[in-house]
Structure formats: structure tokens, C-alpha cells
Amino acid sequence: MVGPAIQAAAGAAPAGQTFTPGPILLMGPPGAGKGTQSKILMAQWLVPQISTGDLLRGMRKDPEKSASPLGQEMRAVMNDGHLIPNELVEAIVLDRLRQPDTKRGYILDGFPRTLPQAIWLDRELSAENETLPIIAVNIQVSYTKLLRRITGRRSCPTCGRIYNTYFCLPEYETVCDVDGTALVQRPDDTEEVFAERMRTYDAMTAPVVEHYQGMARFAEVNGDLPVGEITQAIMDAIVRLRS
Ligand code: AP5
Ligand code: MG
């Protein structure tokens, strides 16, 4: 759900189906605001958010998959702040990209996260003649802010809305404003696992940013600002790079 401040910030940008965003890639370290911003863009432009983290966590909710040896291994890898094997994530993304709601575009959140994933995606998209070229937006945030964003994050298991105990409190402390569900904390949102996720990011994902930096449709935004100002900067960049 988009609040009035964000609505106002997004006011100057095209809305709904009047704008075709095409494939958008939101990049940034853990806690940069990829999920927060993706949900706003999704509501603004009516295209899906494809978050590999959410898709992988969703698979863990299936009791059969979760209890299987693969499910248990995936849980351990994610809870330790490491990455799921490329081939597995690529298969999940390919399946999602083939769904009809991606025709006007989509917001990729958390993928690609390794150079092989980026090369795989470039190849997949170039094989599809009608697809617009990808736009990559990198959200930059300082380390100390990331730590508070991660340890303070709470989310609604029903609607997916994201809150923060430091920066974005729900109206009633522990329940979702939208549906009243008790908010939950991700098991990888501890200080120790955050440090490991940052090491993984620096080693495996920072090279992906460099990969897209060298391309024509790339923008960097300051993610240290209030949510609505970042949304405006991202939308401005996407509209400019699409024109
Ligand atoms: P994933 O779920 O993608 O985690 P992540 O990349 O670490 O990113 P986060 O979801 O933690 O942060 P975010 O940028 O979405 O921030 P958010 O908007 O929530 O991946 C989890 C795991 O899955 C990985 O570790 C890996 O194991 C596996 N995985 C996923 N994709 C994979 C892939 N491609 N390959 C292999 N493995 C993969 O915001 C954070 C907090 O900050 C919130 O509380 C929010 O309210 C607050 N906030 C946001 N913006 C602002 C702002 N401007 N001001 C103040 N607070 C803000
Ligand atoms: Mg996220």
C-alpha cells in the first residue's frame, strides 16, 4: 500500500498503464530499500515485483518442500547469509518471467546477484526480440544505516508490507496497519548474519553493479533519503532512461 507522502512524491511521474517500464533491475546491498521501492513502483506502474528472496522464502512455506533435504539446505544457506546456487535461482526466475503479467515490464529485486546470473539474464533477454532493454538502478546507502534498517525491519506475513522499528513504525507497535496480522522478523536480520550478508554482497554482488555500470541504461540513487524522495529519484531516472 502506498501512503499519501509517497503518492505526492510520485505525482509528477507517469502512472498506471500510461507508461511501459519494461524490465527494471533494482540493485543495492541488504537493507538498501529494494523491497520497499519495488512495492511502490509496482503499485504505480501496475507491473509485478519479482523478488528472488521473497520467492525463495515463499517456497519454504510449503511444508513438503520445506521438509525435503533441498528445502532444509536452502533454509540453512539463507539463514547464514550465503547465496542459493545460480542454476536453482535462474530456474525460479525463468518460470516467473514467463508468466503473462510481465508483458509490460517487471521490477527485479535481488536478482541478478552474481556475475553468472547477470550473464544468464542478459542472454535470456536478448533472446526475446520484443523486450525493451533492461534499466538498472543502484540504491546506495551507508553501512551504519543499513545495519539499523536490517535489525529494525519487521514485515507482515499476510500482505508483505515492510516496517521498521526505527524508521517506519506501524500504528500499533507489533501488528500490520493493513490487515492486523502480527509482524515477523526475518531469521537473517540479526547483526551477525547481516555482517555475513555484507561480505557475500561485496564478494559476489558488487561486481554485478560494475557489470551494469558499464551499460547505457544505468542510474545510481542516494538511498539515505526519505522513502518518497528515493522513489521520485528512481522514477525520474527510469523515465529518462526509457525516453
Ligand atoms: P533478499 O530477501 O533479497 O535480501 P537482501 O538482498 O539482503 O535485501 P533485503 O530484503 O534484506 O533488503 P531490501 O533492500 O529489500 O530492503 P527493504 O526494502 O526491506 O535475499 C535473502 C536471501 O535469499 C539471500 O541472502 C540469499 O540467501 C537468497 N537469495 C535471494 N536472491 C538470490 C539470488 N539472486 N541468488 C542467490 N541467492 C539469493 O528495507 C529494509 C528496512 O529499511 C525496512 O525495515 C524498511 O522499512 C527500511 N527502509 C527502507 N527504505 C528506507 C528509507 N529510505 N529510510 C528509512 N528506512 C527505510
Ligand atoms: Mg528485500
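Values quoted throughout were computed directly from the atomic coordinates according to the rules given, and no laboratory measurement underlies them. Everything numeric in this text was worked out from a predicted model, so none of it was measured. No Cβ is skipped: glycine too gets one built from the backbone with ideal geometry, and neighbour counts run over all protein chains shown.
Assorted remarks:
- Kirkwood Rh and Cα Rg combined as Rg/Rh, the stretch 150-189: 0.91
- Non-local Lys pairs in the chain, i.e. 8 or more apart or on different chains, that have alpha carbons under 25 Å apart: 6
- Burial ranking of peptide ranges 20-27, 41-48, 69-76, 187-194 (average Cβ count within 10 Å, highest at the top): 20-27, 41-48, 187-194, 69-76
- When only alpha carbons are used to place a centre, the stretch 79-99 and the stretch 207-221 end up 21 Å from one another.
- Kirkwood-based shape ratio for the chain, expressed as Rg/Rh from alpha carbons: 0.94
- Temperature 25 °C, viscosity 0.890 mPa s: under these conditions the Stokes-Einstein estimate for the stretch 107-243, based on its Kirkwood radius over C-alpha pairs, is 144 µm² per second.
- Rounded, prolate or oblate (a/c below 1.5 giving rounded, otherwise prolate when a/b exceeds b/c) for the stretch 65-144 by Cα gyration tensor: oblate
- Per-pair calculated FRET efficiency, R0 = 45 Å: Ala195 and Ala15 via Cβ, rounded to 0.05: 0.70
- DSSP assigns beta bridges within the chain; of those with both partners inside it, close to 25 percent run antiparallel.
- Rounded FRET efficiency, nearest 0.05, which uses the C-beta distance separating Leu169 from Arg104 and R0 of 41 Å: 0.75
- Here's how it looks for Arg153: its modeled amide H is under 5 Å from those of Thr165, which are all 5 or more places away or on a different chain.
- Expected 222 nm ellipticity per residue - DSSP helices of 4 or more, -39500 (n - 2.57), all of the chain, to 500: -14000 deg cm²/dmol
- Computed E for Ser243/Asn129 - FRET, C-beta separation, R0 25 angstrom, nearest 0.05: 0.75
- Point-to-point label distance, Asp202-Ala76, nm (Cα→Cβ direction, 7 Å offset): 2.6
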